[in-house]
Amino acid sequence: MFFLYLIVLGVFGIQNALIIAFLCAVLNIIPYIGPLIASILAAILTMLNNLGADFQTEVLPTTLYVLLGFWIVQIIDNNVSQPIIFSKSVSSHPLEIFLVILVAGFFSGILGMVIAVPLYTILKVVAKEFFPENSLVQLLTKNI
């Protein structure tokens, strides 16, 4: 995330891009609200970076482009990086992880999405130990 944020900020010539990218990457660790806080922080710091420039023709477009870049980085992270990382760490297919998070969010909201992957992993291990002959359990736990 740090490098992607750094690229976005560097493309638009934002001063102190290294520090801003680092802060935004650290904030990205906080689930769900971290990226929102990081985007707001980046927008504010981008506006402060262009003090003295014309707001309508320079500051606002640059800030919107930075926010668009951050949005694209979040899409990449949420739809590519995280499912791959989660799937490798819990031995599940990325689509399986995506569906588990989606269903947990539907039924339990944000808290459900936070605990979905660990709970799913625990359920898979318990199912493998107590129901090893079940064909569905064998299918879901073949990589464990």
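The values are calculated or read from the model by the stated rules, or taken from the named source; none is laboratory data. Note that the structure is a prediction, hence the values are computed from the model and not measured. Positions of Cβ are generated from backbone atoms using ideal geometry, with glycine treated the same way; all protein chains shown enter the neighbour counts.
Things to note:
- Answer from Leu36, Leu23, Leu6 - the residue that is part of a helix (DSSP H, G or I) and closer than 22 Å to Ile101 by Cα: Leu36
- The lone criterion from (1) closer than 30 Å to Thr46 by Cβ; (2) outside the structural domain of Tyr5 (by TED's automatic domain parsing) left unmet by Ile72 is number (2).
- Scanning segment 39-55 for residues that are in a helix (DSSP H, G or I) and either over 23 Å from Val73 (Cα atoms) or of a type in the set (Gly, Ala, Ser) (or both) gives Ser39, Ala42, Ala43, Phe55.
- Residue check for Val126: outside the structural domain of Gly34 (by TED's automatic domain parsing) and either assigned to a helix (DSSP H, G or I) or surrounded by 13 or more Cβ atoms within 10 Å (Cβ to Cβ) (or both): yes
- Selection status of Ser87, outside any helix (DSSP H, G or I) and surrounded by 14 or more Cβ atoms within 10 Å (Cβ to Cβ): no
- Pair list, Cβ < 7 Å and 6+ apart or interchain, from segment 45-66 residues that are more than 14 Å from Val8 (Cα to Cα) and surrounded by 13 or more Cβ atoms within 10 Å (Cβ to Cβ) to residues that are modelled with pLDDT of 85 or more and not aliphatic (A, V, I, L, M): Met47/Thr63; Asn49/Gln15; Asn50/Glu58; Asn50/Thr62
- Hey, Val73 assigned to a helix (DSSP H, G or I), at pLDDT below 90, hydrophobic (A, V, I, L, M, F, W, C) and under 29 Å from Ala116 (Cα atoms) or not: no
- In segment 18-44, residue surrounded by the fewest Cβ atoms within 10 Å (Cβ to Cβ) [restricted to those that are touching a residue at least 12 places away in the same chain (Cβ under 8 Å) and over 17 Å from the mean Cα position of the chain (by Cα)]: Leu18
- Search result, residues across segment 76-100 that are at pLDDT 85 or above and not assigned by TED's automatic domain parsing to the domain that holds Phe3: Leu99, Val100
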